[in-house]
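Step one of this worksheet: look at the structure below.
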Amino acid sequence: QSCPHSARVEEREPTASMDGQDWNQVVLTKKRPTGGMNGVPKSADAARRMGMQVQTVKKQGAGYNAQRMGKLENETEELSHAKVGGGVKKAIMQGRLAKKMTQAQVAQMINEKPQIIQEYESGKAIPNQQILAKLERILGVKLRGLK
């Protein structure tokens with residue numbers, strides 16, 4: 001008696017045969033590197049290993065990068081970012097103290113980090129016109145145009 005849900009398994013012969021296969025052993029080898037022309041090595045290191053005398057010459061200023069580096073070394077102009085001037089520093093500090101606010105409170109009101117206000121008051125900040133405009137509005141002090 002067979003169950004209606006049971007699968008019927010048939011055994012069949014494999015259809016693919018392995019008769020046409022080549023079963024001989026295959027050996028793969030690397031080609032050995034040859035030296036230079038007529039026994040002369042291609043690199044200076046190889047020549048040294050063989051006991052030959054090697055003379056090397058250093059190229060002077062070879063390539064574009066060496067020229068650029070030379071220009072950089074000969075550069076005399078002192079380059080730096082513009083910083084906030086003394087007038088702006090004092091105006092921010094006086095405006096903040098007149099309103100009896102801390103640096104953190106001013107920073108929160110203009111949606112910036114307290115470190116930004118600290119940099120402006122210490123003169124280390126690179127002037128940003130948007131931040132200066134926000135500070136002018138909050139503190140009621142003119143900052144843009146001051147040196």
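The values are calculated or read from the model by the stated rules, or taken from the named source; none is laboratory data. What you see is a predicted model; the values in this text were computed from it and never measured. SASA here: full protein model, heavy atoms, side chains in, ligands and nucleic acids out. Shrake-Rupley method; radii C 1.70, N 1.55, O 1.52, S 1.80 Å.
Calculated accessible area for the range 85-147 comes out at 63 Å² per residue, all protein chains present (probe 1.4 Å; ligands, DNA, RNA ignored). Residue-normalised convex hull volume from the C-alpha trace of the range 107-147: 67 Å³ per residue. For the range 17-27, backbone phi angles converted through the Karplus equation (6.51, -1.76, 1.60; θ = phi - 60°) give residue-by-residue couplings of 10, 9, 5, x, 7, 9, 9, 6, 6, 10, 10 Hz, Gly and Pro being listed as x.
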